[in-house]
Amino acid sequence: MAQKIIIDTDPGQDDAVAILLALASPELQVLGVTAVAGNVPLSLTALNARKVVELAGRADVPVFAGCDAPMVRLLVTAEHVHGKTGLDGIDLPEPALPLQDRHAVDFIIDTLRREPAGTVTLVPIGPLTNIATAFQRAPDVVARVQRIVLMGGAYFEVGNITPAAEFNIYVDPEAAAIVFGAGVPLVVMPLDVTHAALTSRPWVEGMRALPNRCGPAVAGWTDFFERYDREKYGSEGAPLHDPCTIAWLLRPDLFSGREINVEIETQGEFTLGMTVADWWRVSGRAPNALFMRDVDAAGFFDLLRDRIARLP
Ligand code: RIB
Ligand code: CA
């Protein structure tokens, strides 16, 4: 029986690779892709999600637009990382795949109420606004979530959008506080682990050489996306943040971490959006997340290559 998931996303080149990985993997049943404002405004993240699902040849997977702003703050975007379209690196045609009329939050609520309790995993790879809004609007669905596997936060790697905060959490810290405090089983892929999932030139060229359209698309996105990290960190490759969530669902053995307490800073003048991860268990606060630290990078990229090669 395939694992049912909903991918909540702000494409974003790394989001796009995560979506392709999920759609290439028969172990997963993608019930829907829900777009949220983040890397770029909602109009673009929704368009980009449609483009990626269509690129994968999966017109059967519905795409929904969700929240266009954080719960209480102004939207912060990341065109400086992802380009003005949010998916710079290759030009994809205007998608024929339609955007669903239903709001993404309603889709999340309806799906969790329809599917048997404990059978749907949420995979948020952008700001947590849609997820938190669903939990606030329909508290009954919280207990029905099987688990949440999210990309966000940092401890050892500290921040990437501010000195203290990682982008997904920083954009909507109030939403993150709701999600981390909801009591749902939580698997967190922080920068600590995603910064170990760096692309290499041979791997990217291997993508470009695949005899399909998705491989060269991944290469084009990576070429664009890695320039930011190369300039900022001096790293040779780009961290493929969001695909780590899908890879964990497929091969949890590739990752290791700790069950710890993670709280979200929502007040700090300099630390807003920080994930206060009690890695050394000094707070006495109850663990609420499996916080990942290490990845078998070679195994991760082998998995990614093998699955992207299966796509059109
Ligand atoms: O900090 C990395 C995260 O922010 C990734 O999800 C990337 O797509 C951006 O949304
Ligand atoms: Ca993202």
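The values are calculated or read from the model by the stated rules, or taken from the named source; none is laboratory data. None of the values given here were measured: they were computed from a predicted structure. When we count neighbours, we look across all protein chains shown, and the Cβ atoms used for this are built from the backbone with ideal geometry, even at glycine.
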| note | Checked segment 1-15 for anything of a type in the set (A, V, I, L, M, F, W, C) and either touching a Cys at 6+ places or on another chain (Cβ under 6 Å) or farther than 18 Å from Ala104 by Cα (or both); matches are Met1, Ala2
| Counting just the residues of segment 283-312 that are part of a helix (DSSP H, G or I) and among the charged types (D, E, K, R), which one comes out nearest to Ile178 (Cα to Cα)? | Arg307
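A quick yes/no check of all residues on (1) crowded, with 19+ Cβ neighbours inside 10 Å; (2) under 22 Å from Ile308 (Cβ atoms); (3) touching a residue at least 12 places away in the same chain (Cβ under 8 Å); (4) away from ligand 2 (no atom under 15 Å from the Cβ):
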site: Asp10; (1), (2), (3), (4): yes, yes, yes, no
site: Asp14; (1), (2), (3), (4): yes, yes, yes, no
site: Ala22; (1), (2), (3), (4): yes, yes, yes, no
site: Glu27; (1), (2), (3), (4): no, yes, yes, yes
site: Val33; (1), (2), (3), (4): yes, yes, yes, no
site: Ala37; (1), (2), (3), (4): yes, no, yes, no
site: Leu74; (1), (2), (3), (4): no, no, no, yes
| said: Just to be sure before I move on: is Ile90 within 16 Å of ligand 2 (Cβ to nearest atom) and on the phi < 0 side of the Ramachandran plot in the structure I sent? | reply: no
| How many of the residues in segment 256-271 are over 19 Å from the mean Cα position of the chain (by Cα) and over 20 Å from Ala182 (Cα atoms)? | 4
| request: Keeping to segment 136-193, report how many residues are within 15 Å of ligand 2 (Cβ to nearest atom), polar (S, T, N, Q) and either on the phi > 0 side of the Ramachandran plot or not in a helix (DSSP H, G or I) (or both). | output: 1
| note | Taking segment 89-131 and keeping only residues that are in a strand (DSSP E or B) and within 16 Å of ligand 1 (Cβ to nearest atom), one is left with Leu122, Val123, Pro124
| remark: In segment 166-207, residues that are in contact (Cβ under 8 Å) with a residue 12 or more places away in the chain and farther than 17 Å from Pro124 by Cα total 13
| query | Do the conditions hold for Asp68, that is, is it surrounded by fewer than 18 Cβ atoms within 10 Å (Cβ to Cβ), under 22 Å from Leu272 (Cβ atoms) and either within 13 Å of ligand 2 (Cβ to nearest atom) or modelled with pLDDT of 95 or more (or both)? | reply | yes
